[in-house]
1. Quick test of your reading of the structure: Ser115 fulfils all but one of (1) free of Cβ contacts under 8 Å to residues at least 40 places away in the same chain; (2) under 25 Å from Phe171 (Cα atoms); (3) among the hydroxyl-bearing types (Ser, Thr, Tyr). Name the failing condition by number.
2. Can you tell me which of (1) buried (at least 17 other Cβ atoms within 10 Å of the Cβ); (2) within 18 Å of Leu27 (Cβ to Cβ); (3) among the charged types (D, E, K, R) is the one Asp83 doesn't meet?
3. In the range 118-141, what residues are closer than 21 Å to Val30 by Cβ and touching a residue at least 40 places away in the same chain (Cβ under 8 Å)?
4. Considering the range 117-142 alone, what residues qualify as being assigned to a strand (DSSP E or B) and either aliphatic (A, V, I, L, M) or surrounded by 14 or more Cβ atoms within 10 Å (Cβ to Cβ) (or both)?
5. Answer yes or no as to whether Ala111 is buried (at least 17 other Cβ atoms within 10 Å of the Cβ), modelled with pLDDT of 90 or more, assigned by TED's automatic domain parsing to the domain that holds Glu178 and not charged (D, E, K, R).
6. Output the residues belonging to the range 139-152 that are touching a Lys or Arg at 6+ places or on another chain (Cβ under 9 Å), at pLDDT 90 or above and not aromatic (Phe, Trp, Tyr).
7. Check whether at least one residue in the range 76-96 is outside any helix (DSSP H, G or I) and either free of Cβ contacts under 8 Å to residues at least 60 places away in the same chain or closer than 20 Å to Ala125 by Cα (or both), and report yes or no.
8. Taking the conditions exactly as written (in a strand (DSSP E or B) and free of Cβ contacts under 8 Å to residues at least 24 places away in the same chain), does Ile146 satisfy them or not?
Amino acid sequence: MTNFVERLRMPMTRRDVLIRVWAMAWLTFVWVLLWGQITIANIVGGILVSLIVLVLMPLPPVPVEGKLHLLSALRLLGRILVDLAKSSVEVAWLACRPGSPPLTAILKVNAKVKSDLVLGLLVDAINVVPGTIVLEVDRTKRDLYIHVLDVGTPERIERFYTMVAHLQHLFIRAFEREEDWQPHEYPSDSFHHGEETP
C-alpha cells in the first residue's frame, strides 16, 4: 500500500503521461479484439480494465528510448489490422476446408528492435494475428520462437518471414529511427539491450 501511495505522489513528465495513455489505448484495443466486437460497452470495459491494470498492477518501469512518429504509428496500426483481417479469413478457411490438417512449425526470428518496450509491442502485434503465437523470447539474443500455422510450402514460410520483417520495419519507423535513438543509461547492475554489463 505504501508503494502504491508513493507512486501516486511521484511527479510525471509529459512523456510519462503520453506513455501511459498509449499503454491504456493499446490495452483497450486488445480487450476489444478479445471480445470480437467494437461496441461502446467493450470500449468502456477495455478502458476500465486498462486503468485497473496500470494503477493497481503496474509493471516495473521500462526505459523508453527513441521518439513516437505519429504517421508511421498509424501506418503500423493499419498494417496490423490488415494482417489481422487477412489471417482471420485464412485460419477460418483452414478450419473448414476438406483434407488433412495444415502443417505447423515453430520458426525462429531475430528481432531487430532495440528497446524492451518495442520488443514487447512487437510480440503483442504478432500474437494478435490469428495463426501465429510467440512461444518464447530470448531477450539476450533478441530471438523470437513463433508457432506458425500452415507452413506446408517454402513459399508460405517465406511469406511469414516477410510479414514479420515488414512489421519490424514499421515498428522501427514508428519508434526507433536511428536519428532519434538515444540509448538509456542503465545502472551497472542492469543490462543494456539484453547484454550484461561488466
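The values are calculated or read from the model by the stated rules, or taken from the named source; none is laboratory data. Since this is a predicted model, take the numbers as computed values, not measurements. All Cβ positions, glycine included, derive from the backbone under ideal geometry; neighbour counts span all protein chains shown.
1. In the conditions (1) free of Cβ contacts under 8 Å to residues at least 40 places away in the same chain; (2) under 25 Å from Phe171 (Cα atoms); (3) among the hydroxyl-bearing types (Ser, Thr, Tyr), Ser115 misses (1) alone.
2. (2)
3. Passing the criteria: Val118, Gly120, Leu121, Leu122, Asp124, Ala125, Ile126, Val128, Val129, Pro130, Gly131, Thr132.
4. Passing the criteria: Thr132, Ile133, Val134, Leu135, Val137.
5. Working: buried (at least 17 other Cβ atoms within 10 Å of the Cβ): yes; modelled with pLDDT of 90 or more: yes; assigned by TED's automatic domain parsing to the domain that holds Glu178: yes; not charged (D, E, K, R): yes.
Yes.
6. Arg142, Asp143, Leu144, Ile146, Val148
7. no
8. No, not satisfied.
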